1. Can you tell me which of 46-52, 2-8, 16-22 comes out highest on packing, and rank the rest after it, using the mean Cβ neighbours within 10 Å?
2. Where q = 0.19, 0.24, 0.29, 0.31 Å⁻¹, what log10 of I(q)/I(0) comes from the Debye formula for the range 1-44, counting one point per Cα?
Amino acid sequence: MEKRRLESWKEIAAHMGRAVRTVQRWEKEANLPVYRLPGGGLERVFAYTDELAEEKYPMRPSSLKGMEVP
């Protein structure tokens with residue numbers, strides 16, 4: 001898989017096929033590899049597609065014990 005930088009929550013969510021709120025929750029509760037850029041009033045985030053790859057970070061209901069998955 002090619003390494004590509006996703007520049008927003010919307011891009012990260014689209015890549016994973018989930019809603020923005022879902023991937024934000026996964027970042028907090030399941031350590032989704034999302035990085036934050038300092039400065040500015042708005043939260044700026046990014047992630048790399050290869051780090052979100054299913055074989056490296058499988059996001060299936062069975063791997064999210066106790067978490068509600070839409």
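Every number here is computed from the coordinates shown, using simple stated rules; none is lab data. Because the structure is predicted, anything quoted here is derived from the model rather than measured. With ideal geometry, Cβ positions are generated from the backbone for all residues, glycine too; neighbour counts draw on all protein chains shown.
1. 46-52, 16-22, 2-8
2. The calculated log intensity ratios at q = 0.19, 0.24, 0.29, 0.31 Å⁻¹ are -0.62, -0.93, -1.17, -1.22.
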